[in-house]
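Notes follow the structure.
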Amino acid sequence: MQVYHGIQEFKKLDHAVVTSGTFDGVHLGHQKILNRLNEVALQTQGESVVITFYPHPRSVISSDNQTIKLLSILDEKIELLEQNGVQHLLIIPFTREFSELSSEEFIQKILIETIGTKTLVIGYDHRFGKNREGGFDYLKTNASRYGFSIEEIARRDIDNVGISSSKIRKALLEGNVQSADHLLGRNYSISGLIVKGKQLGRTIGFPTANIQVREVAKLIPTDGVYAVKVHYNDETFGGMLNIGNRPTVDGTYQTIEVNIFDFNREIYGENLSVEFITKVRNEQKFSGLDALKAQIAKDQEVIKDILQSTRI
């Protein structure tokens, strides 16, 4: 897959089959659109192109100035789109100035002049341009003068999937990772750098790796204890992960700590990723370290049973 960071890098194609959107999470609903995009490209001997935006448009134009929490940061999105067979990915820097582009300007400058669109594939509710003024009806009405055909993914096809990025975010923030995984079509994951913590886990027999997530915009599931799969280099391990403030030891900030099963290596400064399988329990405050240690031992048994059923 060719990746372009801005329209100035893109070389106009002879037969581009195009779709556009934020594609946060590249969930099953997105995959339905991407599958059709690839089918049309194959049928017409064209090349598939996805237009996406960075940062997320809502983080730029939202009135409350809050950064939207993302299911996939940019590197993850690029990898997921490549896995879904996309041939060209155009990442457009989303700015206030770009948000003022009218739908007509977007069509002429991006779709026609930059990409050379011959077929546009969009979801039934897709909107574009300033104030989301452009849509399928507008495109259909003006198709003859644009020189490209338009295919809309039918409403029934999208609605039947019943998936949205917002629904997945809500599930993760409620700790319902199994539901989120089902809607994504894969296990939700986070990755980051291993940093030194207070090393309390070592003193009670459960050493942990503290994960520092690379981007603050990445959505972290709600506090609690989770069964996870851990990926380090080319190896996969089982693990139990805790997200929270460590109330038993009067912690004052959120940490993400994973106890990796059958693992005894120094990996500070290295990267790893974890896939969420299920939430085991909420974080809670215990009477002391002995009670905490006893509960962690129970958690480990439960999680090993869960992971055994998933063959990890």
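Just the residues that are under 23 Å from Val302 (Cβ atoms), in contact with a Ser or Thr (Cβ under 7 Å, 6 or more places away or on another chain), surrounded by fewer than 21 Cβ atoms within 10 Å (Cβ to Cβ) and not polar (S, T, N, Q), please, taken from region 204-231.
Listed by number, the residues that qualify are Lys229, His231.
For Leu289, work out the one condition from (1) of a type outside the set (Val, Ile, Thr); (2) without any contact (Cβ under 8 Å) to a residue 24 or more places away in the chain; (3) farther than 26 Å from Asn233 by Cβ it doesn't fulfil.
So the condition that Leu289 fails would be (2).
Which of (1) under 21 Å from the mean Cα position of the chain (by Cα); (2) at pLDDT 95 or above does Arg58 not meet, given it meets every other one?
Tallying (1) under 21 Å from the mean Cα position of the chain (by Cα); (2) at pLDDT 95 or above, Arg58 fails exactly one: (2).
Take the conditions crowded, with 20+ Cβ neighbours inside 10 Å and in the same structural domain as Lys196 (by TED's automatic domain parsing) and apply them to Val249. Does it pass?
no
Is it the case that some residue within region 65-73 is in contact with a Phe, Trp or Tyr (Cβ under 8 Å, 6 or more places away or on another chain), under 19 Å from Tyr188 (Cα atoms), in the same structural domain as His126 (by TED's automatic domain parsing) and not small (Gly, Ala, Ser)?
Yes, there is a match, as at least one residue in region 65-73 is in contact with a Phe, Trp or Tyr (Cβ under 8 Å, 6 or more places away or on another chain), under 19 Å from Tyr188 (Cα atoms), in the same structural domain as His126 (by TED's automatic domain parsing) and not small (Gly, Ala, Ser).
Go through the residues of region 125-146 one by one and say whether even a single one is modelled with pLDDT of 85 or more and over 29 Å from the mean Cα position of the chain (by Cα).
There is at least one residue in region 125-146 that is modelled with pLDDT of 85 or more and over 29 Å from the mean Cα position of the chain (by Cα).
Of these, Phe286, Phe237, Phe276, which one is assigned by TED's automatic domain parsing to the domain that holds Ala180, farther than 17 Å from Asn187 by Cα and not in a helix (DSSP H, G or I)?
The conditions single out Phe286.
May I ask you to list the residues in region 256-273 that are over 21 Å from Val225 (Cβ atoms) and of a type outside the set (Asp, Glu)?
Scanning region 256-273 gives Asn264, Arg265, Ile267, Tyr268, Gly269, Asn271.
Taking the condition at pLDDT below 95, surrounded by 19 or more Cβ atoms within 10 Å (Cβ to Cβ) and of a type in the set (A, V, I, L, M), does Ile33 pass?
The answer is yes for Ile33.
Give me the residue from region 51-72 that is crowded, with 20+ Cβ neighbours inside 10 Å and either out of contact with any helix residue (DSSP H, G or I) (no Cβ under 9 Å at 6 or more places or on another chain) or β-branched (Val, Ile, Thr) (or both) and, out of that set, farthest from Glu152 (Cα to Cα).
His56
Somewhere in region 271-282, is a residue surrounded by fewer than 18 Cβ atoms within 10 Å (Cβ to Cβ), aliphatic (A, V, I, L, M) and on the phi < 0 side of the Ramachandran plot?
No, the conditions are met nowhere in region 271-282.
Being buried (at least 20 other Cβ atoms within 10 Å of the Cβ), of a type in the set (Ser, Thr, Tyr) and within 24 Å of Ile150 (Cβ to Cβ) narrows it down to one residue among Ser99, Ser103, Ser48; which is it?
So the residue among Ser99, Ser103, Ser48 that is buried (at least 20 other Cβ atoms within 10 Å of the Cβ), of a type in the set (Ser, Thr, Tyr) and within 24 Å of Ile150 (Cβ to Cβ) is Ser48.
In region 5-30, which residue that is assigned to a helix (DSSP H, G or I) and surrounded by fewer than 19 Cβ atoms within 10 Å (Cβ to Cβ) is nearest to the chain's Cα centre (by Cα)?
Once the filter is applied, the top-ranked residue is Leu28.
The values are calculated or read from the model by the stated rules, or taken from the named source; none is laboratory data. It should be emphasised that the depicted structure is a prediction, and the values quoted were computed from it without experimental measurement. FYI the Cβ positions are ideal-geometry reconstructions off the backbone, even for glycines, and counts take in every protein chain you see.
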